[in-house]
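Let me give you the structure first, and then I'll get to my questions.
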């Protein structure tokens, strides 16, 4: 159990280090230097740089879900939950849950042209996240709260694009109103698609 706790503590630091300096630069030697440990001590937990990177992605994914999806799932099913997911992501960005900004936004750009297991792990995490958004959109449509003509995949793409744009403006440009601007963009888009009782009656009489 002590070994598991040590490994977890190492990976938590690895996540923050990778978010600051890049996942490609995360090596056993660099992490050992940062933690004041020996390379041999880290090799006992991770046999290679790739093993370390893959384990780091897994821990980053869990932190991401804990800070975004889990709180949002407490909201009522349908449109309220979709809004909660959007708010949770933007709040996660504002609070700098990862020291260097959104871990997966940075890792996606870093590895999008590098084939291999690390890229595949990042892609899997991002595809899962997009699926969560799509399901929330579909649920809102099933509840009759969102225009059924919009394709969930299309709307999820638009929302995630706003997320990535917000992260860029917040981290790179240091724009203090980046998160508020992103929330306004999401509100405008979702309000335009929200189904009111009047809209429902009109659709029923088409």
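The values are calculated or read from the model by the stated rules, or taken from the named source; none is laboratory data. Computed from a prediction, not measured in an experiment: that's the story for all the values here. Neighbour counts run over all protein chains shown; Cβ positions are idealised from the backbone, glycine included.
With respect to the numbered conditions (1) crowded, with 18+ Cβ neighbours inside 10 Å; (2) in contact with a helix residue (DSSP H, G or I) (Cβ under 7 Å, 6 or more places away or on another chain); (3) over 30 Å from residue 51 (Cα atoms), which one is the sole condition not fulfilled by residue 185?
Against the list (1) crowded, with 18+ Cβ neighbours inside 10 Å; (2) in contact with a helix residue (DSSP H, G or I) (Cβ under 7 Å, 6 or more places away or on another chain); (3) over 30 Å from residue 51 (Cα atoms), residue 185 comes up short only on (1).
Now for a separate question. Of all residues in the range 92-125, which are within 28 Å of residue 180 (Cβ to Cβ), surrounded by fewer than 16 Cβ atoms within 10 Å (Cβ to Cβ) and without any contact (Cβ under 8 Å) to a residue 40 or more places away in the chain?
95, 96, 109
Which residue out of 76, 58 is surrounded by fewer than 20 Cβ atoms within 10 Å (Cβ to Cβ) and closer than 20 Å to residue 108 by Cα?
58
Among the numbered criteria (1) more than 30 Å from residue 49 (Cβ to Cβ); (2) buried (at least 18 other Cβ atoms within 10 Å of the Cβ); (3) at pLDDT 95 or above, which single criterion is violated by residue 166?
Tallying (1) more than 30 Å from residue 49 (Cβ to Cβ); (2) buried (at least 18 other Cβ atoms within 10 Å of the Cβ); (3) at pLDDT 95 or above, residue 166 fails exactly one: (3).
Considering each residue of the range 46-65, count those that are free of Cβ contacts under 8 Å to residues at least 40 places away in the same chain and under 13 Å from residue 8 (Cα atoms), and give that number.
Counting residues in the range 46-65 that are free of Cβ contacts under 8 Å to residues at least 40 places away in the same chain and under 13 Å from residue 8 (Cα atoms) gives 3.
Here is a check on your reading of the model: is residue 109 in a helix (DSSP H, G or I) and within 12 Å of the chain's Cα centre (by Cα)?
No.
Run residue 152 past the list (1) crowded, with 16+ Cβ neighbours inside 10 Å; (2) without any contact (Cβ under 8 Å) to a residue 40 or more places away in the chain; (3) under 29 Å from residue 62 (Cβ atoms); (4) more than 20 Å from the chain's Cα centre (by Cα) and report the number of the one that doesn't hold.
Among (1) crowded, with 16+ Cβ neighbours inside 10 Å; (2) without any contact (Cβ under 8 Å) to a residue 40 or more places away in the chain; (3) under 29 Å from residue 62 (Cβ atoms); (4) more than 20 Å from the chain's Cα centre (by Cα), the lone unmet condition for residue 152 is (4).
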